[in-house]
Structure formats: structure tokens, C-alpha cells
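As C-alpha cells, the structure follows; a few thoughts come after it.
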Amino acid sequence: MSVREFVRSKVPTDIDRFDRRLALVSVLRPPSGLIIPLVVLLAFMFVGPIASIVLFSVQPTNTISLAVADWTLDAYREIVQGTISGKGVYGEVTTNTIMISALTTVIAFAVSYPAAYALATKVRRFKLPILIALIIPLFTSVNIRVYGWVLFLINEGVFDLLAGSVGLDAPSIIYTRSAVILGTVYVYLPYMLFPIYLSISTIDDSLLEAAADLGAGRTKQFVDVILPLSKPGVIIGSLFVFVLSLGAEVEAELLGGGTIYTAASNISYSFGYSQNWPLGSAQAVGLLLITTVCGVVILRTIDLTEIASRGGSR
Amino acid sequence: MLKATNLRKEYGSTVAVEDVDFEIETGSFATIVGPSGCGKSTLLRMLAGHLSPTAGQIELDGIDITDSSPQSRPTSLVFQSWSLFPHMTVAENIEFPIDAQGLESNGRIETLLEQVRLDPEEYANKQVTDLSGGQKQRVALARSLAYEPDILLLDEPLASLDYVLQKKLQRELTELNAELNTTFIYVTHSLESALIMSDQLFVIDDGSIIQRGSPDEIYQEPVDKFVAEFMGDANVFPIDVVERADGRIRIDHPVLEGRQEFPYGPADRPVPECLVVRHDDTVVKPSLEHELGIPVTVVNVLNKGNTALVETRDKHEDAEYVSEMSLEQVSDISLTVDDDAYLQWNPDKTHVLPKGDS
């Protein structure tokens, strides 16, 4: 259906021309003026910068001031060729980024699901303090928390002292990919835990009663009712963690000690140390595209009407 | 037969269900009726196994099922909100109990859908979230029946449907009950559904059964003022008993004209405190033509369609009484507001009753 046909279908045909024009205006008007400030803010703070990055990404190497007419795909060519051939830093960047994001998502899920399930269904006492304790780290700067990890893990740091005191000679994992993953899991865990917790706690108790009533034991109740109904939380949580880990820079920088290159740290390097804005921009656009595709694909698998129908509606 | 003995449920110091006893014949349709918060849902949930009683026993065909889990109990509850699994299709919902028991469905889903009057071809693969209230109700019923329960428990499942649909489903439920050898226990606050559907009726208030019997018995002979008022719109006249002997009482009522003596027994029955007369058992006429009546002023005449409600005020005590009359009667007498008249009735329509708990 074309836009014109759509508008026509919304406008009654038995009214005169003037009313018809008025009705047309009301169809084209946004649903509510209340969202206008948000739209303006996003246009200014999101669309503007993104547009600049896209423009810079098609400029020749080391451009500092924009010359739109003088465009080239050199930066993209370098990234794509580097990634395909695995030469230079791009092969390592791709492997690291995907490994870190995927493992972070898997580990965060494995840790969060049982905890979210317990918090939503079993834990009665101290539930609020536990939830608050889980939220509070989010109020602290990521840098501070990650520096904490560095001081904890660093050679002859707290971890070594503790390990040594019980007679252990554990090799420190600092400045390895594992350390980076530890950091991303720690920082992004709440983004996995809370969506799952919410999706489990919005499951109507009477559904579990109905399941029990109809002869389902605990396993069937979990597998056939709780697990499928918590799927939206798992998907949204995984999307958050995966996408945020794709862009994780501080963790890679500090816990990787400058030896673990990820997409985000490489972008930062291009903009900063090597002053190659077009290359940094092209990488940013690539990362943004991957993120958007992931988001769209993943969100399409969730039945939003089912989630919206929860909470008492029939 | 389902038998409950001294069934009791306490929440802290609150007694929700107080020492309830009853027996319900296999295959019958029993209704537990009472106002909101009277303990009827608690009672039903104890029968389903979702709540364990504080004391007492539930037996099914001589076997004690008081402590058996909902999974292992041959009861199935149709929830007030239906509680269909939202992520499953109609067929998957109905298959759930069959699968939970480790059985194969073998065409039973189609049979069950037909039993609840849903076309299997049209509905089997629909998502339950796309159904209307009435259709969800039918699917919930089919799903419970798929469990093949000995006892089907229904917790006001029609409450949120519109009136016409309620009527239709009420009739279908009674037909289904007659078809199957399953006991139906239906909980409702709606007197009308209770009267229409049940073989056996339990009126419950404050956690206790106040009266039990066939709908007809209870309608004709309410045991106290609470039941009488609950069973239908009624006028209540407080009375003082002056004399009680030989199964009769003499009463004193300041404005009641006509007979002052009524049969009342047995001797151990609590002292009566009121006369109860249903609205539709009375008429309002300018002169006293029946054996009992009180002088009133007409306050309002409301047309209900096939009948009229004549609202009147007692001339002496300022109490309001209502008569439900046919439209012909009202127009024959040509009653208008502020007319002086008598609200009157015959003694055989008079219920002399103790007050009851509430």
C-alpha cells in the first residue's frame, strides 16, 4: 500500500474537500506533541554526529576539514581487504571483538539466568537489598570499576597477595583476552540480569498454578512455561550485552593493557594516536552497521504483542 | 462422591474458611455462592490443592486427597482469568495436560474443541492471544477437560464476559455436565448463574455454609435474612416478637396492618427478627386488599421494560420499600408520585426469619 493509499484509507470519503484536507493534516500529524522534545534531542545529539562520521568515512586519509566533493571509499577498502586477508591489525581486531562479545554474552547469560530466576521466584527475604546491591555498581563510573580490577589483578596486587597467602601461585590473567572478558562480563552483567528478572517476574503465577493443575511437574513447568515466557528477557539481555561488548573500549584498553585490540579500541586509536579520522569513521560506521543488523534481526524474533499483553490483560 | 469434613483455612488470625462440611455426588453440578470475600475461592483452591487446609479432610470416593499435590489430584481448575499459556496455540494449550500425563493426543484435541463448540479447523492453530474472551473461556474449558478430571472446579470463569455470552455459556456448561460423568463445582457471587445451573447450592458467608439445598428449596425457604436478601431483591421489616408458643409467633410491628400471627418453628430456631417479602411478591394499591400491608407514599415509579419498580416510603418510620409490579397493574391503578397507598401482600409470601450473621 502506498502512502497515498494509506492516507486515503484513513480519510472518510463522504466529507467535503475542506474537511478532507483537515483530516489529512491530522493523519500526518505525529501521534502526540509530547514526543517532540525527544525527537529534537535525538536529531541534534545522535543523527548529527552520525551524519558527520558517515561523511568523514568517505574522505581521503588524514583529512581534517571536510571536503564533501572529494570523496573516496579508500578507508572502507582498507578495512574490508584487511579483514578478509587477515593481514595487519584487522584480523586480530575482528577475532578479538567477536570472541569477547560472544563469550561475554554466553557467560553473562549462564550467570544471570539462575540468579534472575531465583530472585524472581524464590528469594523473598532481602530481595530489595539484593536488587539494590546489583544496581549500585551502575552508578559508579566504568573507568573506576575497571581500574579497581586492574589494581586487583595486577602483578603483586591484591589477587596475588590473596593467592599467595593460601599457597597458590596462580598466574595473573591481567593483560590477556580473559581479563578483558572478565571486565566486560562484570560491567554488562546487570544488562542481562534485569531483563531476564523482569520477564520471569511478569509471568502470571496463575500460569504455573494452571500448569501444576494440569499435571505438569516442576521440570515441565520450567521447560514449557517459564523458559519460553522468559525468552524475550533473554533475547533483549543478550542483545544489550553483545552490542555493548562490541563497543567496549575501556575494558580492552585497561585490562588488555594496550595489547588486546578490539574494534572499539582500534577506532579510538585511529582517531587519537594516528589522527586518521576517515579510517576511524569508516570503522565506526562498520561497527554501527553490524550492531544495527544484530539489533533488527534479534528484535524481530520477539513477540512484542505477547509481552504487551502481560500483567492482567486477557 | 466428594466429601469435605471440618475443612478450615486460617491466615494468621483471620479465618477464611471455618469448619466446612459437605458432600457432593459424582456427576452433579454444585454451586458455591456468596458475596466477595466470603471464602468461596479459598475453599475452591483447597479442593484444587493450591492451598493446604489448616485443618480438616477432603475425600474423593473414600480416598483421602487432603495432602495430594495439584499435579496428582484428579481435579482441574478453570481459572477466573482462564490462565491460558500465551506462547502456545489453542491446540498446544489443550495438548499440555495430555502431554504432561505422558499420553498421545490421537485426535482428542479435535474432539475436545468440538465439545466446547469451537471449529477445530478454524481454531486449532490460532494463537490464544488472538481469541476473544468467550473463545478463551472455551479453550480453557477444553484444556481442563483434556486432563480428564473427576472434578472440574470453576472459579467464576464467566464473570468478565458480557451478559448474552454468559447466558449462552451457562447453558452449555450444564449440557456438558449432563454429557460427562464429571462433577462440576462452580464458584460465583452471581445468584442468577447459581440458580440456573446447579443441582445443589451452597450459600456461604464469612467462611461458613449458611444454607444448602436445591436452588428451589433455598429460593423458597431462605433460612435467614442474609440468604433471603442474597437470593433476590426483598423488603425487610424488623419485628418484635411478643409471644412464641406451639410453633407460632405473635409479633408487634408499629405500622403493619392485618395479620400479626405467623407459623414459626421449630422451638430451637433463633428468635425471628424480621419479615422478608420479595419485591415481586408485593403490590401497591390505594386500598388494603391483601391480608398484610403498610401505608406508604409513592416516591418513584421506574419502568424496567416488562415490569415497573414502585418505590415507596413508609409513612411513619421513613423506611423505603419497593414493589415490583407488572406494567398493566401500574397503569390500571394509575399510580403517580406522592399518592397515598398500601404496599401489600399475602401471608404465604412472608418469610419470618432470624437475622443471620451479617
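Of the DSSP beta bridges with both residues in the protein assembly as shown, give the percent that are antiparallel, rounding to the nearest 5.
75
I'm a student and want to see the number: the projected area of the Cα convex hull of segment A:89-310, averaged over all directions, in nm².
Projected area, direction-averaged: 15.6 nm².
Residues with beta-carbon under 13 Å from that of B:GLU172, excluding B:GLU172: net charge, scoring Lys, Arg +1 and Asp, Glu -1?
+2
Testing the spin-label approximation: label points 7 Å from Cα along Cα→Cβ at B:LEU302 and A:ARG124. State their distance in nm.
With each label point 7 Å from Cα toward Cβ, the separation is 4.6 nm.
Could you work out the mean count of beta carbons from other protein chains within 10 Å of each residue's beta carbon in B:77-84?
Going residue by residue through B:77-84 and averaging, the value is 5.
Segment B:67-122 to segment B:152-187: how many Å between their Cα centroids?
Measuring centre to centre over Cα atoms gives 16 Å.
For B:ASP205, which sequence-distant residues (separation of 5 or more, or a different chain) have an amide H within less than 5 Å of its own amide H, given hydrogens modelled in the peptide plane?
The answer is B:ILE210.
Of B:LYS304, B:LYS40, B:LYS315, which has the largest mean-square fluctuation in a 10 Å C-alpha GNM of chain B?
B:LYS304
With unit charges on the beta carbon (Lys/Arg positive, Asp/Glu negative), name the residue among B:VAL298, B:ILE32, B:PRO270 whose Cα is farthest towards the positive pole of the charge dipole of chain B.
Most positive-ward Cα: B:ILE32.
Kindly count the pairs of lysines across segment B:2-220 whose alpha carbons are less than 26 Å apart, treating pairs on different chains or eight or more residues apart as eligible.
Lysine pairs, 8 or more places apart or on different chains, close enough: 10.
Any idea what the dipole of chain B comes to, in debye rounded to 20, about its Cα centre with Lys/Arg Cβ at +1 and Asp/Glu Cβ at -1?
Taking the Cα centre of chain B as origin, the dipole is about 580 debye.
Which value, in Å² and to the nearest 10, is the accessible area of B:VAL337 when all protein chains are kept and the probe is 1.4 Å?
80
Under the rule of -39500 (n - 2.57) per DSSP H run of 4 or more residues, summed and divided by the residues of chain B, what mean residue ellipticity at 222 nm is obtained, to the nearest 500 deg cm²/dmol?
Per the formula, -7000 deg cm²/dmol.
Quick one: what are the phi-derived ³J(HN,Hα) couplings along segment A:178-191, Karplus 6.51/-1.76/1.60 with θ = phi - 60°, whole Hz, x for glycine and proline?
With the stated coefficients, segment A:178-191 comes to 4, 5, 5, 4, 4, x, 5, 4, 4, 6, 9, 3, x, 5 Hz.
Output the antiparallel fraction of DSSP beta bridges having both residues in chain B, as a percent to the nearest 5.
Bridges in chain B that DSSP calls antiparallel: roughly 75 percent.
Treating only the Cβ atoms of Lys and Arg (+1) and Asp and Glu (-1) as charged, compute the dipole magnitude of the protein assembly as shown about its Cα centre; round to the nearest 20 debye.
Computed charge dipole of the protein assembly as shown: roughly 3980 debye.
Near the amide H of B:TYR264, under 5 Å away, which other amide H atoms are found, from residues 5 or more places off or on another chain, if H is placed in the peptide plane?
Counting only residues 5 or more places away or on other chains, the set is B:ARG248, B:ILE249.
Give the interface area between chains B and A as buried accessible surface, both sides summed, probe 1.4 Å, in Å² to the nearest 100.
Protein heavy atoms only, the B-A interface buries about 2000 Å².
Could you work out how far helix B:163-179 tilts from the main Cα principal axis of chain B, as a 0 to 90 degree angle to the nearest 10?
60
Apply the a/c threshold of 1.5 to the C-alpha gyration tensor of segment A:231-286 and tell me whether it is rounded, prolate or oblate.
It is oblate, given that a/c is not under 1.5 and a/b is not larger than b/c.
Need one number for the protein assembly as shown: average projected area of the convex hull over its C-alpha atoms, nm².
With the hull built on Cα positions only, its mean projection is 48.7 nm².
Bin width 10 Å, alpha-carbon pairs only: give the P(r) of chain B as whole percents, running from 0 to the bin holding the largest distance.
Reading upward from the zero bin: 5, 21, 25, 21, 15, 10, 3, 0.
Mind checking which of A:ASP213, A:ASP160, A:ASP204 has the largest fluctuation in a GNM of chain A, springs on alpha carbons under 10 Å?
Greatest mean-square fluctuation among the candidates belongs to A:ASP213.
For peptide B:85-93, what's the mean number of Cβ atoms from other chains within 10 Å of each residue's Cβ?
Across B:85-93, the average partner-chain Cβ count within 10 Å equals 4.
Once a ≥ b ≥ c are taken as the square roots of the eigenvalues of the Cα gyration tensor of segment B:82-136, is the result rounded (a/c under 1.5), prolate (a/b larger than b/c) or oblate (a/b not larger than b/c)?
Because a/c hits 1.5 or more and a/b fails to exceed b/c, segment B:82-136 counts as oblate.
Starting from the Cα gyration tensor of segment A:95-161, take the square roots of the eigenvalues, sort them a ≥ b ≥ c, and report rounded, prolate or oblate (rounded when a/c is under 1.5, otherwise prolate if a/b is larger than b/c, else oblate).
Oblate, since a/c reaches 1.5 and b/c is not below a/b.
Projecting each Cα onto the charge dipole of segment B:102-197 (Lys/Arg +1, Asp/Glu -1 at the beta carbon, about the Cα centre), which of B:SER190, B:SER144, B:LEU180 comes out farthest on the positive side?
B:SER190
Counting only GluC sites (Glu not before Pro) that are in a DSSP loop and have at most 15 other C-beta atoms within 10 Å, tell me the longest site-free stretch of chain B.
B:105-288
Just going by the charge dipole of chain B, with Lys and Arg at +1 and Asp and Glu at -1 on Cβ, which of B:PRO222, B:ASN125, B:SER331 is farthest out on the positive end?
Of the candidates, B:ASN125 comes out farthest on the positive side.
B:LYS285: which lysines have alpha carbons under 27 Å from its alpha carbon, excluding same-chain residues fewer than 8 sequence positions away?
Excluding near neighbours in sequence, the set is B:LYS225, B:LYS304, B:LYS315, B:LYS349.
Could you give the longest part of chain A that holds none of the chymotrypsin sites (Phe, Trp or Tyr not before Pro) found in DSSP loops with at most 16 neighbouring Cβ atoms within 10 Å?
Value returned for the longest uninterrupted segment is A:127-272.
Summarise the accessible area of chain B (1.4 Å probe, protein heavy atoms) by the percent that is carbon and sulfur.
Using a 1.4 Å probe with all protein chains present, chain B comes out at 44 percent carbon and sulfur.
Starting from the amide H of B:GLU156, placed 1.01 Å from N in the peptide plane, find each other amide H under 5 Å away whose residue is 5 or more places distant or on another chain.
B:VAL187
Per-residue HN-Hα couplings for segment A:207-220, Karplus 6.51 cos²θ - 1.76 cosθ + 1.60 at θ = phi - 60°, whole Hz, x for Gly and Pro?
Each residue's phi maps through the Karplus curve to give 5, 6, 4, 4, 4, 4, 4, 8, x, 7, x, 4, 5, 5 Hz.
Please find, in a Gaussian network model of chain A (springs between Cα atoms separated by less than 10 Å), the residue of A:LEU288, A:LEU193, A:LEU41 whose mean-square fluctuation is greatest.
Maximum fluctuation in the GNM of chain A, among the listed residues, is at A:LEU41.
How about segment A:93-169: which trypsin sites (Lys or Arg not before Pro) there lie in a loop by DSSP and see at most 12 other Cβ atoms within 10 Å?
When the trypsin sites (Lys or Arg not before Pro) of segment A:93-169 are filtered for loop state and at most 12 Cβ neighbours within 10 Å, A:ARG124, A:ARG125 remain.
Compute the distance in nm between two label points, each set 7 Å from the Cα along the Cα-to-Cβ direction, one at B:ASP348 and one at A:LEU161.
For the pair B:ASP348/A:LEU161, the computed spacing is 10.0 nm.
Assign unit charges at the C-beta atoms only (+1 for Lys and Arg, -1 for Asp and Glu), then state the dipole size of segment A:116-272 relative to its Cα centre in Debye, rounded to the nearest 20.
Here segment A:116-272 has a charge dipole of around 340 debye.
The values are calculated or read from the model by the stated rules, or taken from the named source; none is laboratory data. Note that the structure is predicted; figures quoted are calculated from it, not measured. For neighbour counting, all protein chains shown are included, and Cβ atoms are generated from backbone atoms with ideal geometry for every residue, glycine included. For accessibility, only protein heavy atoms count, side chains too; no ligands or nucleic acids. Shrake-Rupley method; radii C 1.70, N 1.55, O 1.52, S 1.80 Å.
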